[in-house]
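Let me begin by presenting the structure, written as structure tokens, before commenting on it.
Every read-out reported here was derived from the displayed coordinates using simple, explicitly stated rules and does not represent laboratory data. As the structure is a prediction and not an experimental result, all values here were calculated from the model. Note: ideal-geometry Cβ built from the backbone for every residue, glycine included; neighbour counts use all protein chains shown.
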Amino acid sequence: RLNTWESLTTGIAQQAKGVIAPKEKTPFITFVLGGPGSGKGTQCIKIVETFGFAHLSAGDLLRREIASKSADGAMILNTIKEGKIVPSQVTVKLIQKEMELSDNHKFLIDGFPRTEENRVSFEQIIGVEPNVVLFFDCPEEEMVKRVLNRNEGRVDDNLETIKKRLTVFQALSLPVINYYSEKGKLYTIKAIGTEDEIFEQVRPIFAAFEVCSQTVG
Ligand SMILES: Nc1ncnc2c1ncn2[C@@H]1O[C@H](COP(=O)(O)OP(=O)(O)O)[C@@H](O)[C@H]1O
Ligand SMILES: Nc1ccn([C@@H]2O[C@H](COP(=O)(O)OP(=O)(O)O)[C@@H](O)[C@H]2O)c(=O)n1
Ligand SMILES: [Mg+2]
């Protein structure tokens, strides 16, 4: 009888462990950086399809906060209209919640970190560093053209806000990109050409990591 009970409770414990288990796997984190309209979101969709990542877009999470009429919604809307950067703790909390809810361990964090403050805040709150940092390097005139044609009804897709976002990108985001370049984690993609041509630069980066994880087991 005791044995039966023991095996039963062990079974339950193992089942419970199975539910929690995905979180025990070390997360594999990719930051996806690049100016407005450089094609981050578009390429993330392809990476998800091919390599099975969870896609967390910082901009989408912030827009969802606005839509949900949360306490921070009005502040976030004003910040986005101005092309400025939302305080890091707000954005990191939203990313953290999504990571905890996900049963995936491979994350594409799109449009983050956009400032040194964003970067340090993630390190402090989440306590992990990215494995890979992708930089979609695109000429400004191409980015402006794409954003003005985006047609998603975004409040920041107008010439006035785009100019501000490009200034913020140069002043605040490029230092983050340089930081990861010095750390040897940066993969720069030439973000002109067709979506498929650009993905052919992205694919080998993740394919190499897939081979690595198979070797390690
Ligand atoms: N390689 C490409 N060539 C032309 N247009 C593109 C390309 N990749 C994306 N786009 C378009 O440009 C716009 C911006 O792309 P998006 O993926 O939203 O960029 P980001 O997330 O970096 O702002 C979208 O309308 C998208 O369909
Ligand atoms: N880490 C982030 C990401 C976005 N944002 C805000 O959200 C806006 C839109 O970000 P996004 O990533 O959706 O924009 P795209 O680069 O995709 O065009 C930014 O211009 C910022 O105002 C932010 O404050 N902090
Ligand atoms: Mg985007």
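Here is how the numbers come out for the structure above:
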item	result
Theoretical ellipticity at 222 nm over the chain - DSSP helices of four or more residues, -39500 (n - 2.57) apiece, nearest 500	-18000 deg cm²/dmol
Fully extended contour minus Cα-Cα distance, from CYS212 to GLU117, at 0.36 nm per residue	31.0 nm
Only Lys, Arg (+1) and Asp, Glu (-1) charged, at Cβ; the range 150-217 dipole about Cα centre in debye	320
Exceeding the 28 Å Cα-Cα cut-off - candidates LYS106/LYS190; LYS25/LYS190; LYS97/LYS190; LYS69/LYS106; LYS97/LYS185	LYS25/LYS190; LYS97/LYS190; LYS69/LYS106
Charge tally in the Cβ shell below 14 Å around VAL202, where Lys, Arg are +1 and Asp, Glu are -1, VAL202 excluded	-4
Residue-wise HN-Hα coupling along the range 60-71, computed from phi with Karplus coefficients 6.51, -1.76, 1.60 (Hz; x: Gly, Pro)	4, 5, 5, 5, 5, 4, 4, 5, 7, 6, 6, 4
Phi to ³J(HN,Hα) by Karplus 6.51 cos²θ - 1.76 cosθ + 1.60 over the range 129-141, Hz, x for Gly, Pro	9, x, 7, 9, 10, 9, 10, 8, 8, 9, x, 4, 5
The range 41-195: C-alpha gyration tensor shape, a/c 1.5 cut-off, then a/b vs b/c	rounded
³J(HN,Hα), Karplus 6.51/-1.76/1.60, whole Hz, each residue of the range 181-193, x for Gly, Pro	4, 5, 7, x, 9, 8, 10, 8, 10, 6, 8, 10, x
In the range 130-215, the GluC sites (Glu not before Pro) that fall in loop regions by DSSP, at most 13 other Cβ within 10 Å	GLU152
